[in-house]
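Peer 1: Here it is: the structure, laid out below.
Read-outs throughout are calculated quantities, based only on the coordinates presented, and are distinct from any laboratory measurement. Model, not experiment: these values are computed from the prediction. Using ideal geometry, Cβ is built from the backbone for each residue, glycine included, and neighbour counts are taken over all protein chains shown.
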Amino acid sequence: MPSLRGHLAPLILDLHERFELTWSQTFVAVAPQIVTARVALNLMMNVFRGMAVQAVLRRDEGYFREMLAALKAILAIHVRPVRPGG
């Protein structure tokens with residue numbers, strides 16, 4: 001019987017590959033020598049995962065809205081749409 005990790009790993013890797021493809025077609029780094037678009041995506045995904053876990057214990061919609069606003073502000077500095085106005 002395969003382990004849970006053995007079962008989920010290929011699925012998660014495929015999902016992340018699709019996220020990265022979509023992200024790379026949508027956003028480019030403003031200053032890739034500082035933060036690449038890929039690192040910005042992974043930072044965002046890790047923040048989302050952390051927020052999901054924290055939401056189990058903390059029921060505070062205002063707090064999470066503030067976190068999302070901060071994440072948007074950080075991303076806006078480091079990535080921009082591939083197409084202007086996009």
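Peer 1: Quick test of the membrane-span-like rule: which DSSP H helices of the chain reach at least 30 Å along their long axis (C-alpha atoms) with mean Kyte hydropathy at least -1.0?
Peer 2: Span-like helices in the chain: 4-26, 37-57.
Peer 1: Please find the FRET efficiency linking L21 to L68, where r is the Cβ-Cβ separation and R0 is fixed at 22 Å, and quote it to the nearest 0.05.
Peer 2: Efficiency, rounded to the nearest 0.05: 0.40.
Peer 1: Using just the C-alpha positions of the range 4-81 as equal point scatterers, what log10 of I(q)/I(0) does the Debye formula give at each q in 0.11, 0.20 1/Å?
Peer 2: -0.36, -0.97
Peer 1: If each of A9 and R83 carries a label point 7 Å out from its Cα toward its Cβ, how far apart are those two points in nm?
Peer 2: Taking the simple label geometry, A9 and R83 are separated by 3.9 nm.
Peer 1: Okay, moving on. Work through the residues other than H78 whose Cβ is under 13 Å from its Cβ and net out their charges, Lys, Arg +1 and Asp, Glu -1.
Peer 2: Result for the local shell: +3.
Peer 1: Then there's this: Given the -39500 (n - 2.57) contribution per DSSP H run of 4+ residues, what per-residue ellipticity at 222 nm results for the chain, rounded to the nearest 500 deg cm²/dmol?
Peer 2: -25000 deg cm²/dmol
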